[in-house]
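K.L.:
Okay, handing you the structure first.
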Amino acid sequence: MNYSDRFLRETASYSVLDVMLTDIAVRIQLTPTDYQRAVEHYEAINEWIERDDSPLSGCVELFYPQGGFLIGATVARHATDSEFDIDIMAQIEWPANIDPEIALATLQEAIRGEPGSRYYKKTERKTRCSTVHYDGMHLDVTPAVRLIGREERTSYIFHSKPSDPKEPKQRLFANPYGFGHWFLAKTPAEEIFGLYFEKASLDYERMRLEALAKADADPVPPQMPAYRKSRALICLQLIKRWRNLTYDRRHSRLRIPPSVLLAYYVASNANQTRTLTDELIHQVECIISVLEAAERSGRVVYEVNPVCPEDELTDRWPSGLAEQRVFLEELRSFAADLHTLQESARAHARPGLRHRRTESAHPGDRGFPSGAPLAAHARRGTWGTWGTFFGVVRFRERGTSGCFRATFPSTFPGLSH
């Protein structure tokens with residue numbers, strides 16, 4: 001059996017719900033165009049803080065991505081916009097005992113520059129980083145000091161809040177680089193599914209640029225390995241997006257569960273299912289199990305970076321049992337909605353639905369189930385309540401990829417380009 005046969009055989013087995021979840025993930029991630037823009041901003045900031053008149057000139061040892069930008073899990077942040085959060089570490093040649101406020105203030109000065117300079121009005125000081133705002137995304141740059149003799153890139157990062165003198169300044173252990181590579185090792189992309197998701201991402205980008213009539217835009221590359229993702233990684237993106245919208249809607253005054261904690265749980269429970277739908281339900285239920293065990297013990301969850309035990313992943317969340325219970329109850333509701341959705345998809349499936357393909361001769365465009373029967377049921381309202389994750393469902397005509405396009409206006413505003 002050749003590669004094309006294997007590709008068609010596996011993708012033909014994907015359920016309509018698997019395809020829909022893939023479609024959502026494609027829409028909430030950085031597009032190839034946005035990814036390239038993020039890389040350009042990343043490189044520009046690196047050069048800028050090392051300019052001749054910068055207080056960090058000659059002091060920047062390393063500049064590298066962390067968080068979702070490192071592992072490919074960046075998603076649109078809020079319900080009201082499609083802004084992306086790009087996390088960066090700036091390793092500076094400072095003594096390990098540098099005052100946290102001096103470290104953070106010096107980085108802020110280096111990025112902000114003089115009045116009238118390019119980033120002067122775009123830079124915002126935070127308690128652990130400096131944020132640079134752009135249209136559609138922002139970069140969080142965290143200063144760090146490498147700790148010699150420890151695991152690669154184990155560092156001190158800093159915490160200081162000048163507006164509240166009572167809040168203590170801190171030096172904190174961190175190794176996001178090690179954590180990111182641990183995550184990627186635990187969640188390798190499956191060959192065929194990875195290619196399937198990559199092609200879905202690039203096809204969507206071509207259609208998006210065509211819709212925007214960006215004739216002068218650079219062409220989308222024929223392949224982009226950054227978009228060959230595992231099911232577990234895609235589930236992390238879906239869970240993060242659901243979390244963002246849930247807290248925007250109902251808990252806007254609460255701190256959200258940190259992405260790094262969700263990534264830890266997803267990686268710890270990856271590679272145990274065979275479909276995207278099953279993986280998402282599995283991951284949500286695994287997180288529920290951890291929180292329920294903590295609840296039964298009357299304690300909050302406590303987790304650490306597996307490559308740096310002093311790097312606590314739960315140092316700022318949850319602040320107490322009440323905050324933990326909010327997330328637990330939302331997760332239970334999310335899991336129930338997903339089970340309802342899965343059962344509805346099975347109930348309304350039609351014979352041969354999974355094996356319909358487009359007339360395209362391109363291997364990457366085959367194996368996409370037709371959405372017509374599913375769309376008809378959705379229009380008749382037979383799918384019932386979709387819950388907080390999916391919202392109200394509307395369907396477009398099939399795009400050029402042959403994959404039907406589902407839009408979710410109440411849950412994913414701004415993503416139906």
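The values are calculated or read from the model by the stated rules, or taken from the named source; none is laboratory data. Since this is a predicted model, take the numbers as computed values, not measurements. Reconstructed Cβ throughout: ideal geometry from the backbone, glycine too, with neighbour counts over all protein chains shown.
K.L.:
Given the criteria in a loop (DSSP other than H, G, I, E, B), surrounded by 15 or more Cβ atoms within 10 Å (Cβ to Cβ) and in contact (Cβ under 8 Å) with a residue 40 or more places away in the chain, does TYR119 qualify?
P.N.:
Values: in a loop (DSSP other than H, G, I, E, B): yes; surrounded by 15 or more Cβ atoms within 10 Å (Cβ to Cβ): yes; in contact (Cβ under 8 Å) with a residue 40 or more places away in the chain: yes.
Taking the combined requirement at face value, the residue satisfies it.
K.L.:
Of everything in region 301-316, what is surrounded by fewer than 18 Cβ atoms within 10 Å (Cβ to Cβ) and either under 28 Å from PHE193 (Cα atoms) or hydrophobic (A, V, I, L, M, F, W, C) (or both)? Give them in sequence order.
P.N.:
Correct list: VAL304, PRO306.
K.L.:
Moving on. Taking into account only those residues within region 55-81 that are surrounded by fewer than 19 Cβ atoms within 10 Å (Cβ to Cβ) and polar (S, T, N, Q), which is nearest to ALA189 (Cα to Cα)?
P.N.:
Looking at the filtered set, the residue picked out is THR80.
K.L.:
Let me ask you something else. Please pick out the residue among ILE234, ILE192 that is modelled with pLDDT under 85 and under 29 Å from ILE287 (Cβ atoms). Steps first, answer last, please.
P.N.:
Working: ILE234 fails: modelled with pLDDT under 85.
Only one candidate qualifies: ILE192.
K.L.:
Continuing with this model, one more query. Quick check: is even one residue across region 128-140 among the small types (Gly, Ala, Ser), at pLDDT 95 or above and outside the structural domain of GLU279 (by TED's automatic domain parsing)? Walk me through it before giving the result.
P.N.:
Filtering region 128-140 for residues among the small types (Gly, Ala, Ser) gives 130, 136.
Filter again for at pLDDT 95 or above, leaving 130.
Narrowing the set further to residues that are outside the structural domain of GLU279 (by TED's automatic domain parsing) leaves 130.
Within region 128-140 (the criterion being among the small types (Gly, Ala, Ser), at pLDDT 95 or above and outside the structural domain of GLU279 (by TED's automatic domain parsing)), the answer is yes, since at least one residue qualifies.
K.L.:
Can you name the helices (runs of 4 or more DSSP H) wholly within region 222-305 that have at least 3 residues being charged (D, E, K, R)?
P.N.:
On the way: elements: 231-250, 259-268, 276-296.
Of the helices (runs of 4 or more DSSP H) lying wholly inside region 222-305, those with at least 3 residues that are charged (D, E, K, R) span 231-250, 276-296.
K.L.:
Is one or more of the residues making up region 223-230 surrounded by fewer than 23 Cβ atoms within 10 Å (Cβ to Cβ), at pLDDT below 95, farther than 30 Å from LEU338 by Cα and in the same structural domain as THR22 (by TED's automatic domain parsing)?
P.N.:
Yes: one or more hits.
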